[in-house]
Amino acid sequence: FYVIRKGSVEVIQEAKGVTKVVATLSSGNFFGEAALLKGEPRNATVKAREPLELYSLGKEDFHKVIGQSSTFNEQLRKALFLRQ
């Protein structure tokens, strides 16, 4: 799980041989939650558009945090729903 502190990224998905930029994320946005929440492989590639500063949580820490904060858990699930 990554939170962008500084910089921006492109979120890229490939379907049927076609590569498409589906989102641009910048400071304050996050990515990587879908695979961790669903327990599935990642569904996109994230490519830096410029130098980045990121905060990150590994799988264990991510699950620990969402287990301790129902508000954080709810916000992540809402964001996941909106991205689908």
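The values are calculated or read from the model by the stated rules, or taken from the named source; none is laboratory data. Since this is a predicted model, take the numbers as computed values, not measurements. As a convention, Cβ positions derive from the backbone with ideal geometry for all residues, glycine included, and neighbour counts pool all protein chains shown. These accessible areas exclude ligands, DNA and RNA; they are computed on the full protein's heavy atoms, side chains included. Shrake-Rupley method; radii C 1.70, N 1.55, O 1.52, S 1.80 Å.
For the stretch 2-38, what are the residues that are open to solvent by 70 Å² or more (accessible area, probe 1.4 Å) and in a loop (DSSP other than H, G, I, E, B)?
16, 27
Checking residue 58 against (1) touching an Asp or Glu at 6+ places or on another chain (Cβ under 6 Å); (2) within 11 Å of residue 1 (Cβ to Cβ), which test does it fail?
(1)
Taking the stretch 11-30 on its own, how many of its residues are at pLDDT 95 or above and within 21 Å of residue 77 (Cα to Cα)?
6
Taking interchain pairs and intrachain pairs at least six residues apart, which have beta carbon atoms under 7 angstrom, with the first residue in the stretch 42-55 and open to solvent by less than 100 Å² (accessible area, probe 1.4 Å) and the second part of a loop (DSSP other than H, G, I, E, B) and not β-branched (Val, Ile, Thr)?
From residues that are open to solvent by less than 100 Å² (accessible area, probe 1.4 Å), the pairs are 48/7; 50/7; 52/7; 53/7.
Sort through 72, 81, 62 and tell me the only one that's exposed (fewer than 12 other Cβ atoms within 10 Å of the Cβ), part of a helix (DSSP H, G or I) and either touching a residue at least 60 places away in the same chain (Cβ under 8 Å) or of a type in the set (A, V, I, L, M, F, W, C) (or both).
81
Any residue in the stretch 18-35 that's touching a residue at least 24 places away in the same chain (Cβ under 8 Å) and within 7 Å of residue 4 (Cα to Cα): show its pairings with residues that are assigned to a strand (DSSP E or B) and open to solvent by less than 50 Å² (accessible area, probe 1.4 Å) at Cβ separation under 6 Å, as long as the two are six or more apart or on different chains.
29/4; 30/3
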